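One structure below.
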Amino acid sequence: MADPEHYPEELWGIEDPRITYVPELGKYAIAYIADASGGPGVALALTKDFHSSERSGVIMQPDDKDAARLPRRIDGRWALIHPPVTTPNAHIWISYSLDLCNWGAHSKILEARLGSWWDANKIGLSPPLIQTSEGWLMIYHGVKQNGSSVIYRLGLALFDLNDP
């Protein structure tokens, strides 16, 4: 449940959780959207049992959403996949943290294409990435503006296991 008394960035609610089991911590990491007047931001919580949780609050400022943690460290750092919303495009980025609170080393890993492609202008993460023997499999959605509406479609991308 949203807790705006302790986390004012949850004033308008929370939504869109992506849950990843993190064996090293023996906990589930829940990346979710905290929504308030400043816009949607990525927040993080950890839980062992889904009855109680440790919240970190907002870790990626608005406008940012559709985030998920990788289940293991990459070069000793935790990784978060997220698409900050920029105008006119939204791309997918990866950010790293040593402590799960302070995030940096931001870099773009998948760009929304320009033009008339199905994933032109805006893309976002769908479920958390899946570790396979060939790499990290990402299912993402693309949004294409149509005359009277928008069309959402799914795509796949594969990233190196040790250098996504």
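No lab work stands behind these numbers, since they all come straight from the coordinates. Remember, predicted model here, so these are calculated numbers, not experimental data. FYI the Cβ positions are ideal-geometry reconstructions off the backbone, even for glycines, and counts take in every protein chain you see.
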Item to complete: Determine, for His106, His91, His82, His6, the number of other Cβ atoms within 10 Å of each Cβ, and report the residues in order from fewest to most.
Response: His6, His106, His91, His82
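Taking the Cα centre of the chain as the origin, how large is its charge dipole in debye, to the nearest 20, when only Lys and Arg (+1) and Asp and Glu (-1) carry charge on their Cβ atoms? Can you show the working numbers first?
Working: 14 positive and 20 negative charges, 90 e Å.
Value, rounded to 20: 440 debye.
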Item to complete: Please work out the C-alpha center-to-center distance from the range 90-106 to the range 11-75 and express it in whole Å.
Response: 13
Worksheet item: Within a Cβ distance under 12 Å of Pro84, other residues only, what is the Lys/Arg minus Asp/Glu net charge?
Response: 0
Worksheet item: Along the principal axes of its C-alpha atoms, what lengths does the range 55-164 span, in descending order and rounded to whole Å?
Response: 46, 33, 21
Practice prompt. Could you grab the relative contact order for the chain? Cα pairs under 8 Å, six or more apart, rounded to a whole percent.
Written response: 13
Worksheet item: Which order results if Leu110, Leu80, Leu161 are arranged by neighbouring Cβ count within 10 Å, fewest first?
Response: Leu161, Leu110, Leu80
Discussion item. What are the ³J(HN,Hα) couplings of the range 9-22, residue after residue, when phi is run through the Karplus curve with 6.51, -1.76, 1.60 and θ = phi - 60°? Round to Hz, x for glycine and proline.
Written reply: 5, 9, 3, 9, x, 10, 7, 6, x, 10, 10, 10, 7, 10
Worksheet entry | Within straight-line cross-link reach of Lys65, aspartates and glutamates at Cα separation under 14 Å, skipping those fewer than 8 residues along the same chain | Glu9, Glu10, Glu15, Asp16, Asp35
